Each structure stands twice: as C-alpha cells, then as structure tokens.
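Asker: Structure below; questions to follow.
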Amino acid sequence: MPSTVTAPIRVVLETKVAEHNPMLYNADDTTDYVEGFAAITDCDLETYEQRGFLVIRGGLNPAEIEGAKAELERMTLAEDPGCSEIYYEGSIRDHLPAPVSDERKKTADGGSASLALGAIGQTLPDVPPRKRARFVRKFQGFMQQHPPLAATALKPELIALVERLAQAPVRLFQDMAMIKPAGGREKPWHQDHAYFNFPLETRIVGVWIALGRVTPENGCMFVLAGGHREGPRIHFKRRDWQICDQDILPHKQMALPMDAGDIMIFHAKLPHGTPTNRTQENRWALQYHYVPQDARQVGDEVRLAAFGSEGKNVTC
C-alpha cells in the first residue's frame, strides 16, 4: 500500500522531460576557488560583484559533510521524510502500479500552460522504499526536523559571509536538498530570482553546497559569469521555468566542478543550470537562499513583469 506521511507534505511526481541539447553545457572555462572562509579578501568580494559567484574550498568539514549526507540518505528511505515537500524524477512513473494525472498551471487567458507541474499529493509513491529512494530529486522545508542539515545553513562563518554580500543582516527563507540521482534530469538554465516574489533590487544570496564530488558528468553547476549584471531575463515554460535555450547557446559558459564540502555563493540573478547526471551515482547537494531581514515579498505580477513571457510578445 502507498505510505501516507503523518505531517502535511507536498509530494510531486514530476513529468518526464525531453533531453537537452548537449551544447547547452559546453564550458569554455572552469572556475578558480578561495581556500576556506578565512582566506576571503575584499578583492574576492569584488569578484563576487563582478562575476556573480564565489566558490569556497572546504567550507564544510568532513564531519559536517558526512552528517548531512547520511541525514539525506535516511530521508530518501523514510516513510515520513520530515520535510514540507519532496520531488521525484519523472522516470519513477515507469515503476508505479497505475498511471497518474498531471496538474497544469492556468494561463492568463484561462488555458493550460505547456509545462505540467506533475502529479501532486500527500502520498509517497507506491514503490518499495529502496527503489523509491533512487528517484528522489529534491527535498524542501526540512530545517525544523533535521538538525544536521540545519547546522549547515546556519554555520556562523557562512552567515557572516552572506551578510557581507547582502550588505545587511539576513534571514534564511528557502532550504532545499538537490539530489540529482543516477540518470537524473537537467535543471535548465534560469535565474533564481525568477522564482522569488521579492523586489528586483533585493540582494538575495544563494548558497549551493556539494556533499560529494560534482563534475560536468554528474551535473555540476554551469554559469554565465557576470550575467547577473544584465538583469532579469525572460523565462519560458519549456522543460522547466527556464531561460530560452537559444538565449544561452551564444554565450561563453563556465563549469564549476566542486569537491565534497565546497560551497558556491551566488547572486540570485546569475544565469545557471545543471545538466543530466550521466553517471551511475547520485549527485548530492544542499541549496539555501537568504534575504535581508527587512525584505518584504511582493505579488506575482511584479516578478512576472520582469521575468515572465506573457504579454511581452516574446517567443522561444
């Protein structure tokens, strides 16, 4: 029988998506690194302003890495993972006993958007736990129930750096674990601010923590260095809520391979994406977003006026 969790949770069985053009992740260069929090200089902060990111070697110690990864592995197997949302790869549908119906967002004219959200409910897939665990793509909202993960988001050295970059005291407003399983899908090129209802001038700082070796083969970060300075880019519903592929292909890309414990700090308007995992092993990562404590959210219309394609006479 399917497992029903004891606390409210949003369970998303994603749709299958088309394979991406390999040239979308064809790096011209790889990044350099800062050797630990203590080595960060004012010059590095200026590099962040110019490129839109920094990568810090050894941001987490081995005990922190192992504690966080072990906690995520337990969550993938648990009948109640202790989070607010869990997303499964679309390929899990091949192992379900019956088909599922997808939900679609409505467009402004009352039609149905081209991108399906997936099947959404509060019941874990009716698949044996060890098989089910192989398709987990994302956890969200786990801070209260998983101290080893919360500790990584609240690490004092990390918060101190984020506040220097945000130029204000900050609060965490989003916590996610990004598990790209073996064969796991691409996260197409996008800007994180396109998902957030904060004013465009808000200094949102993203943090992406590798819990194992990440490479172009298993889905490391690719970025358009300096692309945040060009402001919002139009996003479309294609394989995801994404920047049009044709808007990415002409640009010089940079790959960000990382070791376990390395931390990427990035601007919320930095264009980035991660390719399909071509290996037989999971790629484990955590992702957090921080905003100034006094930041206040705005309506969807503000965000979509900058990032949305509806009403802009723009095609992809």
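Asker: Give the relative contact order (percent, whole number) for the range 10-307; include only Cα pairs under 8 Å separated by 6+ residues. It would help to have the intermediate numbers written out before the result.
Answerer: Details: 655 pairs, mean separation 82.5, N = 298.
Relative contact order, the range 10-307: 28 percent.
Asker: Continuing with the same structure: Work out from phi, with θ = phi - 60° and the Karplus expression 6.51 cos²θ - 1.76 cosθ + 1.60, the ³J(HN,Hα) of each residue of the range 182-188, listed in order in whole Hz, and give x for Gly and Pro.
Answerer: These are the phi-based 3J(HN,Hα) values: 3, x, x, 6, 5, 9, x Hz.
Asker: For the range 10-307, with the dipole built from +1 on Lys and Arg beta-carbon atoms and -1 on Asp and Glu ones, taken about the Cα centre, which of Tyr25, Ala210, Thr15 lies farthest toward the positive end?
Answerer: The one lying farthest along the dipole's positive direction is Thr15.
Asker: Given the -39500 (n - 2.57) contribution per DSSP H run of 4+ residues, what per-residue ellipticity at 222 nm results for the chain, rounded to the nearest 500 deg cm²/dmol?
Answerer: Details: 7 runs with 61 residues, N = 316.
Calculated from helices alone, the mean residue ellipticity at 222 nm is -5500 deg cm²/dmol.
Asker: Follow-up. Determine, for Cys43, Cys244, Cys316, Cys83, the number of other Cβ atoms within 10 Å of each Cβ, and report the residues in order from fewest to most. Write out the running numbers ahead of the final one.
Answerer: Working: Cys43 8, Cys244 18, Cys316 14, Cys83 25.
Lowest to highest Cβ neighbour count: Cys43, Cys316, Cys244, Cys83.
Asker: List Glu79, Glu85, Glu281 from most exposed to least, where exposure is judged by having the fewest other Cβ atoms within 10 Å.
Answerer: Working: Glu79 10, Glu85 16, Glu281 13.
If I rank by nearby Cβ atoms, fewest first, I get Glu79, Glu281, Glu85.
Asker: Order of Asp247, Asp44, Asp32, Asp262 from fewest to most other C-beta atoms within 10 Å?
Answerer: On the way: Asp247 17, Asp44 14, Asp32 9, Asp262 23.
Lowest count first: Asp32, Asp44, Asp247, Asp262.
Asker: Oh, and also: For the range 165-211, state the average projected area of the convex hull of the C-alpha atoms over all orientations, rounded to one decimal in nm².
Answerer: Numbers: hull surface 18.4 nm².
Mean shadow area of the hull around the Cα atoms is 4.6 nm².
Asker: Something else: What Kirkwood radius, in Å to one decimal, follows from the Cα pairs of the range 10-307?
Answerer: Values: mean 1/r = 0.0508 Å⁻¹.
For the range 10-307, inverting the mean 1/r across all distinct Cα pairs yields 19.7 Å.
Readers should treat all values here as calculations from the given coordinates under stated rules, not as data from a laboratory. Note that the structure is a prediction, hence the values are computed from the model and not measured. As a convention, Cβ positions derive from the backbone with ideal geometry for all residues, glycine included, and neighbour counts pool all protein chains shown.
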